[in-house]
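K.L.:
Dropping a structure here in structure tokens format, bear with me for questions.
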Amino acid sequence: MKPSKTIILSATVAALALLGCQSTVDHPLYQSSGSQPVNGYHSFDEYLSQTQRQLSQHRYYLTENKQQELKANMPFELSPQSTKAQAADSSDRPRKGVLLIHGLGDSPYSFVDISQSLVENGFLVRTVLLDGHGTRPADMMNADHEQWQKLVDKQVALLEDEVDEVYLGGFSTGGNLAYLHAADNSDIAGLMLFSPGFQSNEPMAFMTPLLSSVRPWLRTNIPNGETNYTRYSNMPTNGFAQYYHTSKATMEDLDKRQFDRPTFMVLTEHDSVLDTKVIKDIFQTRFTHPDNKLMWYGTSPKPDEDNVVFVNSRVPELRVSNMSHMGVLYSPKNPYYGINGSETICRNGQESQEAEDYCRAGGEVWYSAWDHREPDKVHARLTFNPYYNQMIDTLSEVFEL
């Protein structure tokens, strides 16, 4: 008789437990700072103040520019009052507001470009920092997806007091949190989902909640010269477990009902994290508003679907082989992740340390999703969207901006 998934899971966890928990890693990034969830505030300004104090006290800095790191990890608000879009409106109250929610291990910097595009279209834009983020990876060991959802719920309530229409946007895990709130709040006007993490492409993701109790870290290599201050370079097992909880809840909800408000979604065929073909099918069958648009970055033939905007993600003139999970977020002009940006993610699944060293030394590289390989090419992570402006134009069509 074929063993059940439960039996296999129990046997695997028991085997790991026999190996014993990993020894404590003697590095500040792997030691909890003791930070606690930010709560007890009654306005967005109070939220910003409390979060800034939290980060100042508990962040482990990767560079000498502490203020730059704090700014990248801080939630922020952009108001349309000084833009052309708002100037034509005689009211001081913005009509539209959007709350943007970052992904697992990321930061509010994920939306530094998208927020600017949205504020130029008249949105009051706010971002949040999920508990466990912004300080050091070890603080994710106590993170809880229910706390993340409570943060979204509270921030939506604050935003509803400021604008007439509230939209939600999310990247990866943030996309799950955005959907779960909107599904139960009929006042949410629409969704903007960038690589939403509905379905992982890791078949053993369901194991992570149990694994987190016996194996706190799946990978414990000590960072060597890590300077990327906008996202965590490693993640405790509990972080993956909390993502799984949001994914499971999202998929179960979508199995029971459809979502009938305007939705803009971005997916890439070569996403190394998500099963985007499954998510694409969900978009076509469970998101039913006639104005919906899916922007699909790929290299396969263009799908024959009216609500899908196909973009060939291979751009040889920019040395881009395909689109990555995170690359959809950033403009080519972004000073950190853009074409001429200061940060290159060289650890990209290369076959050899030599390839990574070549990248770090400033050698000419191509750009791709994680673990993409081609003969005679070294690939760094694609961290910008060659078609960023087209993406924003398509988003604008969905919401009639």
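K.L.:
For E46 and S213, what is the calculated FRET efficiency with R₀ set at 35 Å and r taken between the beta-carbons, to the nearest 0.05?
P.N.:
Computed FRET efficiency for E46 and S213 comes out at 0.50.
K.L.:
Same structure again: Just to make sure I understand: if all protein chains stay in place, what is the order of D291, D393 by accessible area at 1.4 Å, largest first?
P.N.:
On the way: D291 60, D393 95 Å².
Ranked from most to least accessible, the order is D393, D291.
K.L.:
So what does I339 come to for accessible area, using a 1.4 Å probe and Å² rounded to 10?
P.N.:
Number for this one is 70 Å².
K.L.:
Leaving out same-chain residues fewer than 8 places away, which aspartates and glutamates sit with a Cα under 19 Å from that of K256?
P.N.:
Reachable aspartates and glutamates: D184, D281.
K.L.:
Right, something else. If each residue of separation counts as 0.36 nm, what is the full-extension length gain between V278 and V25 once their alpha-carbon separation is subtracted?
P.N.:
Extra length from V278 to V25 when fully extended: 87.3 nm.
K.L.:
Could you list, bin by bin from short to long, the percent of Cα-Cα pairs of the chain in 20 Å steps?
P.N.:
Result, from short to long distances: 27, 60, 13, 0 percent.
K.L.:
What distance in nm separates the two pseudo spin-label positions at T344 and E400, each 7 Å out from Cα along the beta-carbon direction?
P.N.:
4.7 nm
K.L.:
If the chain between K154 and Q36 were fully stretched, how many nm would it gain, using 0.36 nm times the residue separation less the Cα-Cα distance?
P.N.:
The K154-Q36 span can extend by a further 40.8 nm.
K.L.:
Also: Want the number for Y61 to D376: 0.36 nm per residue separation, take away the alpha-carbon distance, what's left?
P.N.:
109.8 nm
K.L.:
Distance between the C-alpha centers of region 225-278 and region 107-181? Whole Å please.
P.N.:
About 14 Å separates the Cα centre of region 225-278 from the one of region 107-181.
K.L.:
Show that you can apply the helix-only estimate: for the chain, add -39,500 (n - 2.57) for every DSSP H stretch of four or more residues, divide by all residues, and state [θ] at 222 nm to the nearest 500.
P.N.:
After summing the helix terms and dividing by residue count, I get -10500 deg cm²/dmol.
K.L.:
On to the next question. Cross-link list K154/K248; K96/K333; K277/K302; K150/K248: which exceed 20 angstrom alpha carbon to alpha carbon?
P.N.:
Working: K154/K248 22 Å; K96/K333 26 Å; K277/K302 14 Å; K150/K248 17 Å.
Exceeds cut-off: K154/K248; K96/K333.
K.L.:
For D304 paired with E162, estimate the spin-label separation in nm (one decimal), with each label point 7 Å from Cα along the Cα-to-Cβ line.
P.N.:
4.7 nm
K.L.:
Report the longest stretch of the chain that contains none of the trypsin sites (Lys or Arg not before Pro) sitting in a DSSP loop with at most 11 other Cβ atoms within 10 Å.
P.N.:
Answer - 1-218.
The values are calculated or read from the model by the stated rules, or taken from the named source; none is laboratory data. All values reported here derive from a predicted model rather than from experimental measurement. So basically every Cβ, Gly included, is an ideal-geometry build from the backbone, and we count neighbours across all protein chains shown. Note: areas computed on protein heavy atoms with side chains; ligands, DNA, RNA excluded. Shrake-Rupley method; radii C 1.70, N 1.55, O 1.52, S 1.80 Å.
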